[in-house]
1. Under a GNM of the chain (C-alpha, springs under 10 Å), which listed residue has the highest mean-square fluctuation: 298, 49, 141?
2. May I ask you to list the aspartates and glutamates whose Cα is less than 17 Å away from that of residue 109, ignoring any residue fewer than eight positions away on the same chain?
3. Between segment 29-85 and segment 263-311, how many Å separate their Cα centres?
4. Tell me, what is the percent relative contact order of the chain, built from C-alpha pairs under 8 Å that lie six or more residues apart?
5. Which value at 222 nm does the chain reach when only helices count, each DSSP H run of 4 or more adding -39,500 (n - 2.57), with the total divided by all residues and rounded to the nearest 500 deg cm²/dmol?
6. Mind checking the dipole of segment 161-262: about its Cα centre, +1 per Lys or Arg Cβ, -1 per Asp or Glu Cβ, Debye to the nearest 20?
7. Checking the table 66/288; 67/231; 200/231 against a 19 Å threshold on Cα-Cα, which pairs fail?
8. Please work out the C-alpha center-to-center distance from segment 96-116 to segment 166-211 and express it in whole Å.
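We did not get these values from a lab; they are worked out from the coordinates using the rules stated. Since the model is a prediction, treat every value here as computed from it, not as a measurement. Every residue, glycine as well, gets a Cβ built from its backbone with ideal geometry; the counts of neighbours run over all protein chains shown.
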Amino acid sequence: MKSRTLKSLVVGFAVMPLAAMGGLMGGGVDPELPVYEATSGVSGSIKSIGSDTMNNLMTLWGEDFKKFYPATQTEVEGKGSSTAPPALIEGQAQFGPMSRPMKGAEMDKFEEANGYPPFAVRAGVDCLAVYVHKDCPLEEISIEDLTRVYSVADEDLTWGDLGVTDAEYRSRPVNLYGRNSASGTYGYFKKVGLQGNDYKASVREQPGSSAVVQAVTTDKYGMGYSGIGYKTAGVKALPISVDGYEAVDATAENAYSGEYPIARFLYLYVNADPTTGITDPLRAEFIKMVFSQSGQEIVVKDGYFPVPASIAREDLEALKIEYDF
């Protein structure tokens with residue numbers, strides 16, 4: 001197996017390179033992020049509609065926000081990233097969490113309605129993991145084999161086709177689990193893990209990220225993809241390789257360096273006029289809290305990786321939100 005030395009070998013698969021984030025190699029919260037302090041004049045209700053992957057994150061952020069502002073409420077609805085754009089366009093939600101970037105058609109519809117594009121707050125980093133049962137003898141997988149096993153490019157495969165020699169597994173078919181088409185995880189895995197190929201009809205679609213992991217936990221011949229934050233003791237996340245190079249684990253270091261091939265930002269989309277930015281205190285303070293020490297500690301607590309102060313500064317400046325670092 002060749003040793004990986006060229007980050008560009010993997011960055012080509014990524015929707016957005018993360019290599020510039022190498023300052024957080026341990027996956028800890030950036031000490032340059034500020035400690036959040038409550039201000040006056042903040043009240044009202046926050047509605048979030050979008051990604052199931054980010055359901056728990058939005059709930060935890062809402063709970064933390066309420067500690068600072070007891071008069072506020074946060075309602076979270078997570079049925080998939082594709083539900084975020086229409087909710088923002090129709091004014092049903094202030095935040096549209098998405099585990100993928102908006103598609104061109106979604107951006108166009110938003111801009112038609114508002115006269116400017118939506119803004120993507122980069123709120124965290126996720127590694128999309130490939131899970132197998134904890135007792136499965138397969139130890140790693142390549143992007144090329146993921147394409148073979150999940151896409152219509154090949155017939156249904158056995159574990160033996162993936163190199164497993166264990167007598168109990170080798171002749172057994174790989175039972176595939178995944179998300180439904182409303183999910184940003186579904187679209188991102190198709191683009192990166194399947195290299196743009198279509199899914200097999202035999203993939204068993206699940207309603208949420210945790211449901212994928214639970215399915216693999218109870219099926220010793222199962223394989224599924226879901227965010228690394230949903231890992232449990234009943235499954236193992238396979239290291240992934242590209243083009244014959246050494247397989248790498250779904251860790252913070254490998255996400256930030258660009259070496260893990262299916263790392264991605266987790267986005268909070270908002271409706272913000274670029275000439276004025278975010279002017280209402282409710283949304284402005286929520287975003288500031290997300291980019292604080294406590295907000296990014298929640299990202300880590302939920303199993304994801306935090307963004308550095310440099311990303312926070314860029315997004316806050318673009319939204320014209322003042323925040324002392």
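1. Ranking 298, 49, 141 by mean-square fluctuation puts 141 first.
2. Excluding near neighbours in sequence, the set is 90, 273.
3. 9 Å
4. Across the chain, relative contact order equals 30 percent.
5. Helix contribution divided over all residues of the chain: -8000 deg cm²/dmol.
6. On the way: 10 positive and 11 negative charges, 87 e Å.
Value, rounded to 20: 420 debye.
7. 67/231; 200/231
8. The two parts, judged by their Cα centres, are 26 Å apart.
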